[in-house]
Amino acid sequence: MYSPYWSAEAQVNTAQVLQEMSRFGEARELLETCIGRTPEHAEAHRSLAECLHAMGKDDEALAAASRAVALDPKLAAAFLTRAGILESMMRDS
């Protein structure tokens, strides 16, 4: 269904649509494929963090968000994602 020849941006955009449709497993698979091919793509890591958080995998989500921040310190969305995950983890503890 998804072409391995899609650009990283196309893969991330498709994964975000899948997440909006609550198809988190498919989104995660697509994002992990994208990261495997372009590990420096900060937005892919950020989107994976959102996906993992929605799946209840907060430790993995926090690691993905932290990686996004490290890759692109100017990506404000990565900081917001990381903060949201930390807030959720503190609330749940």
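Out of (1) open to solvent by 40 Å² or more (accessible area, probe 1.4 Å); (2) touching a residue at least 12 places away in the same chain (Cβ under 8 Å), the odd one out for K74 is which?
Unmet condition: (2).
Which numbered condition trips up S93, out of (1) open to solvent by less than 70 Å² (accessible area, probe 1.4 Å); (2) out of contact with any His (no Cβ under 6 Å at 6 or more places or on another chain); (3) modelled with pLDDT under 95?
(1)
Confirm whether A54 is buried (at least 19 other Cβ atoms within 10 Å of the Cβ), of a type outside the set (S, T, N, Q) and modelled with pLDDT of 95 or more. Steps first, please.
Numbers: buried (at least 19 other Cβ atoms within 10 Å of the Cβ): no; of a type outside the set (S, T, N, Q): yes; modelled with pLDDT of 95 or more: yes.
Criteria not met by A54.
Cβ contacts < 7 Å: first residue on the phi > 0 side of the Ramachandran plot, restricted to region 21-46; second residue basic (K, R), any location; separation 6+ or different chain. Result?
none
Looking only at region 30-50, filter to residues that are over 11 Å from V12 (Cα atoms) and assigned to a helix (DSSP H, G or I); which one of those is least open to solvent (accessible area, probe 1.4 Å)?
A49
Given the criterion open to solvent by less than 70 Å² (accessible area, probe 1.4 Å) and either touching a Ser or Thr at 6+ places or on another chain (Cβ under 8 Å) or modelled with pLDDT of 95 or more (or both), identify the matching residue among S66, S7, S3.
Details: S7 fails: either touching a Ser or Thr at 6+ places or on another chain (Cβ under 8 Å) or modelled with pLDDT of 95 or more (or both); S3 fails: either touching a Ser or Thr at 6+ places or on another chain (Cβ under 8 Å) or modelled with pLDDT of 95 or more (or both).
Within the list S66, S7, S3, the selection yields S66.
The values are calculated or read from the model by the stated rules, or taken from the named source; none is laboratory data. A quick note: this is a predicted structure, and the numbers were derived from the prediction, not measured. Positions of Cβ are generated from backbone atoms using ideal geometry, with glycine treated the same way; all protein chains shown enter the neighbour counts. For accessibility, only protein heavy atoms count, side chains too; no ligands or nucleic acids. Shrake-Rupley method; radii C 1.70, N 1.55, O 1.52, S 1.80 Å.
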